[in-house]
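**Student:** Structure in structure tokens, see below.
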Amino acid sequence: MAEDMHGAVLKFKSIKGTRDILPDESHRWQYVEQAIRSVMHRFNYKEIRTPVFEETSLFARGIGELTDIVGKEMYTFIDRSETSLTLKPEMTASVMRAYIQNNLGEQQPLVKVYYLSPMFRQERPQAGRLRQFHQYGAEATGGTSARIDAEIIALAMEVYEALGIKNIELRINSVGCPECRPHYKEILKEYLGKVYDKLSPESQRRLEQNPLRILDSKDEKDRELTRDAPLMLDHLCKECAAHFNELQDSLRLLHRTFTVDGRIVRGLDYYTKTAFEIISSDLGSQDALAGGGRYDKLVEELGGKPTPSVGFAAGIERLLMVMEHQQIAIDNDIHPDVFIAAPDDEGRRWALAAAMTLRHAGIPCEIDLLDRSLKAQMREADRQHARFVLVAGASELQQNAAQLKDMRTGEQRTLTLSNLPVELKELQRDSGKTQ
Ligand code: AMP
């Protein structure tokens with residue numbers, strides 16, 4: 001049976017691999033989400049929200065039957081009308097489904113959307129790997145130019161920079177297209193076939209259907225065996241090679257440093273040409289902050305007209321981990337500017353209505369709702385980092401006044417009740433200036 005942090009037996013506990021975002025940390029999430037939205041809007045991306053679940057076949061088709069996600073990680077269930085549904089494990093398939101269903105391409109030739117959403121994958125939980133986690137990302141649908149890829153990569157990088165994150169690395173690759181990849185796959189299969197017996201069981205399984213994935217195996221021995229393996233980059237067709245050159249050229253125009261890494265293959269079948277990853281050395285074994293690429297075949301695969309597209313997805317938990325590791329301050333926590341402390345019943349009655357007046361005037365305000373002593377109320381105001389405490393009891397109220405204490409300087413003064421919101425607003429402004 002589950003226990004809480006003090007060893008008491010719990011009747012209910014959150015599901016393994018999921019976690020609560022508690023009141024003391026939600027402001028960090030809001031801060032990051034705000035920064036993401038702001039960067040997205042500067043790049044003219046608009047938000048899209050899709051349902052949390054979709055028909056299972058959308059993901060099977062859109063992500064690929066042979067991927068880990070579809071093969072072993074999806075949260076799939078049969079609903080009461082016998083339909084197989086799946087909690088979304090990633091967003092691209094859903095976004096493309098929405099794009100096709102709503103004819104978004106007819107309204108605009110290049111559709112630029114972003115999202116922020118929980119995702120669900122039944123992976124083995126560990127640091128930086130959850131079963132419900134959160135991603136943000138963007139997709140640009142309708143163009144083939146490598147300049148779009150470069151812009152979206154720059155956008156992904158810009159989010160980290162806007163948040164003050166350092167030491168991140170951009171790695172890019174090209175995974176070719178249906179013209180050149182099949183030929184390369186054969187060359188790779190032949191190469192790896194010679195060392196088949198030494199490959200990990202996982203890689204042995206992959207050799208027939210998905211040999212590219214062997215290149216990004218985490219297994220030490222696999223890595224050793226593939227050190228000199230042929231790479232897609234050396235077997236690109238003319239069009240893919242030109243596209244990859246243009247991508248690099250565009251990234252240079254944007255002053256983006258990058259490394260070309262022939263081992264970035266991505267787990268998903270629908271990728272064509274550009275593939276990229278953003279890595280942080282502050283993350284340990286789960287070091288990928290974001291990944292993405294071009295998927296010119298997906299819309300077609302899902303029943304739409306052939307429409308090229310490029311996008312990326314990034315994890316919010318990992319982003320927050322890096323911010324914590326780099327000790328980046330987040331100071332948007334919510335606290336009351338004014339705490340009204342009441343020494344007696346009359347004061348309490350007054351405080352209830354006065355707090356509302358202040359809140360309507362735009363001043364974040366708190367009162368004591370637990371009938372505590374004045375001393376306990378002062379302690380509470382301090383604990384909540386209130387900037388000012390306003391004390392009013394029967395005797396002050398009779399004189400149409402309240403005592404204001406500045407919690408930072410300790411200074412005290414008397415305010416006139418009728419003028420309270422105006423005086424407090426002025427103080428709020430002044431204290432903002434001196435912060
Ligand atoms: P993917 O959709 O697998 O390419 O993942 C994109 C990004 O989402 C990764 O780089 C991570 O930052 C994040 N991510 C993926 N899976 C998980 C997970 N199980 N737990 C936490 N973050 C994840």
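**Student:** Starting from the Cα of GLN326, step 7 Å along the direction of its Cβ; do the same at GLU426; then give the gap between the two resulting points in nm.
**Tutor:** Here the answer is 4.3 nm between the modelled labels.
**Student:** Select from LEU163, LEU254, LEU369 the residue whose mean-square fluctuation is largest in a Gaussian network model of the chain (Cα-Cα springs shorter than 10 Å).
**Tutor:** Greatest mean-square fluctuation among the candidates belongs to LEU369.
**Student:** Based on the Cβ-Cβ distance of LYS189 and LYS218, what FRET efficiency does E = 1/(1 + (r/R0)^6) give at R0 = 22 Å, to the nearest 0.05? Walk me through the intermediate numbers first.
**Tutor:** Numbers: r = 21 Å, r/R0 = 0.94.
Computed FRET efficiency for LYS189 and LYS218 comes out at 0.60.
**Student:** If you don't mind, another one. Over what distance in Å are the Cα centres of region 103-179 and region 393-435 separated?
**Tutor:** Value for the Cα centre distance between the two parts: 49 Å.
**Student:** When the convex hull of the Cα atoms of region 197-268 is projected onto a plane and the area is averaged over all directions, what value comes out in nm²?
**Tutor:** Working: hull surface 23.8 nm².
Spelled out: convex hull of the Cα atoms, projected over all directions, averaged, 6.0 nm².
**Student:** Of the beta bridges DSSP finds with both residues in the chain, what % are antiparallel, to the nearest 5? Intermediate results must be reported in sequence, preceding the final value.
**Tutor:** On the way: 52 of 63 bridges.
Taking every DSSP beta bridge with both residues in the chain, the antiparallel ones total about 85 percent.
**Student:** Given region 101-168, report the % of alpha carbon pairs whose separation exceeds 21 Å.
**Tutor:** In whole percent, the share of Cα-Cα pairs in region 101-168 beyond 21 Å is 48.
**Student:** Please find, in a Gaussian network model of the chain (springs between Cα atoms separated by less than 10 Å), the residue of ALA355, ALA154, ALA275 whose mean-square fluctuation is greatest.
**Tutor:** It is ALA355.
**Student:** With each label point set 7 Å from Cα along the Cα-Cβ vector, what nm distance links GLN108 and ASP20?
**Tutor:** 3.9 nm
**Student:** Give me a comma-separated list of calculated 3J(HN,Hα) values for region 61-75, in order, Karplus coefficients 6.51, -1.76, 1.60 applied at θ = phi - 60°, integers in Hz, x for any Gly or Pro.
**Tutor:** Ordered by residue, 3J(HN,Hα) equals 6, x, 9, x, 4, 8, 7, 4, 4, 6, x, 9, 10, 7, 8 Hz.
**Student:** In degrees between 0 and 90, to the nearest 10, how far off the longest principal axis of the chain does helix 238-253 point, with axes built from Cα atoms?
**Tutor:** Once rounded, the angle reads 30 degrees.
**Student:** Next question, about the same structure. How large, in Å, is region 260-299 by the Kirkwood hydrodynamic radius built from its alpha-carbon pairs?
**Tutor:** On the way: mean 1/r = 0.0898 Å⁻¹.
In region 260-299 this quantity evaluates to 11.1 Å.
**Student:** Still on this structure: Roughly speaking, to the nearest percent, how much of region 338-427's 1.4 Å accessible area is carbon and sulfur? Walk me through the numbers on the way to the answer.
**Tutor:** Details: 2460 of 5000 Å².
Summing carbon and sulfur atoms, their accessible area is 49 percent of the total for region 338-427.
**Student:** Computed FRET efficiency, Cβ-Cβ of ARG80 and LYS238, R0 60 Å: what is it to the nearest 0.05? Please report the intermediate quantities before stating the final value.
**Tutor:** Values: r = 53 Å, r/R0 = 0.89.
Calculated transfer efficiency: 0.65.
**Student:** Take the cross-link list LYS112/LYS297; LYS112/LYS273; LYS46/LYS88; LYS72/LYS185; LYS194/LYS221; LYS238/LYS297 and give me the ones stretching past 22 Å between alpha-carbons. Present the calculation step by step, with values, prior to reporting the outcome.
**Tutor:** Numbers: LYS112/LYS297 18 Å; LYS112/LYS273 19 Å; LYS46/LYS88 20 Å; LYS72/LYS185 24 Å; LYS194/LYS221 15 Å; LYS238/LYS297 18 Å.
Beyond 22 Å between Cα atoms: LYS72/LYS185.
**Student:** If you wrap a convex hull around the Cα atoms of the chain, how much volume per residue is inside, in Å³?
**Tutor:** Numbers: hull volume 91.6 nm³, N = 435.
Each residue corresponds to 211 Å³ of Cα convex hull volume.
**Student:** Can you list residues from other chains, or at least 5 along the same chain, whose modelled amide H is less than 5 Å from the amide H of ALA341?
**Tutor:** Those qualifying (amide H under 5 Å, at least 5 residues apart or on another chain) are LEU390, VAL391, ALA392.
**Student:** Obtain the nm distance between the two label points defined at ALA394 and GLN101 by a simple spin-label model: each point lies 7 Å from its Cα along the Cα-to-C-beta direction.
**Tutor:** Result: 6.5 nm between the two label points.
**Student:** How large, in percent, is the carbon and sulfur part of the accessible surface of region 203-301 at a probe radius of 1.4 Å? Don't skip to the answer; put the middle values down first.
**Tutor:** Working: 2070 of 4610 Å².
Ligands and nucleic acids excluded, carbon and sulfur reach 45 percent.
**Student:** Would you mind checking the tilt of helix 420-434 against the longest principal axis of the Cα atoms of the chain, expressed as 0 to 90 degrees and rounded to 10?
**Tutor:** 50 degrees
**Student:** How much net charge surrounds GLY17 when only other residues with a Cβ under 13 Å from its Cβ are counted (Lys, Arg +1; Asp, Glu -1)? Before the final figure, lay out the partial values.
**Tutor:** Numbers: positive: LYS13, LYS16, ARG19, ARG121, ARG124, ARG129, ARG131; negative: ASP20, GLU73, GLU123, GLU317.
Result for the neighbourhood of GLY17: +3.
**Student:** Can I ask one more? By how many degrees, between 0 and 90 and to the nearest 10, does the Cα long axis of helix 345-360 differ from the longest principal axis of the chain?
**Tutor:** 40 degrees
**Student:** Using the heavy atoms of the protein chains alone and a 1.4 angstrom probe, what is the accessible area of the chain per residue in square angstrom?
**Tutor:** That works out to 53 Å² per residue.
**Student:** Might you list the cysteines of the chain that have no disulfide-compatible partner by the rule of another cysteine's Cβ under 4.7 Å?
**Tutor:** CYS177, CYS240, CYS365
**Student:** Something else: Mean-square fluctuation check for the chain, GNM, Cα pairs under 10 Å: which of ARG206, ARG379, ARG19 is largest?
**Tutor:** ARG379
**Student:** If you roll a 1.4 angstrom probe over the protein chains with everything in place, what fraction of the accessible area of region 101-179 belongs to carbon and sulfur, to the nearest %? Show your work: numbers first, answer last.
**Tutor:** Numbers: 1350 of 3200 Å².
Result for region 101-179: 42 percent of the exposed heavy-atom area is carbon or sulfur.
**Student:** Same structure, new question: Based on a Kirkwood Rh over C-alpha pairs, give the Stokes-Einstein translational diffusion coefficient of region 338-427 at 10 °C and viscosity 1.306 mPa s in µm²/s.
**Tutor:** Numbers: Rh = 12.7 Å.
Using the Kirkwood radius from Cα pairs, D works out to 125 µm²/s.
**Student:** Which aspartates and glutamates, if any, have their Cα less than 12 Å from the Cα of LYS16, not counting same-chain residues under 8 positions apart?
**Tutor:** GLU123
The values are calculated or read from the model by the stated rules, or taken from the named source; none is laboratory data. All values reported here derive from a predicted model rather than from experimental measurement. Glycine gets a Cβ as well: all are built from the backbone with ideal geometry, and neighbour counts include every protein chain shown. Just so you know, the surface numbers come from the protein's heavy atoms only, side chains and all, with ligands and any DNA or RNA stripped out. Shrake-Rupley method; radii C 1.70, N 1.55, O 1.52, S 1.80 Å.
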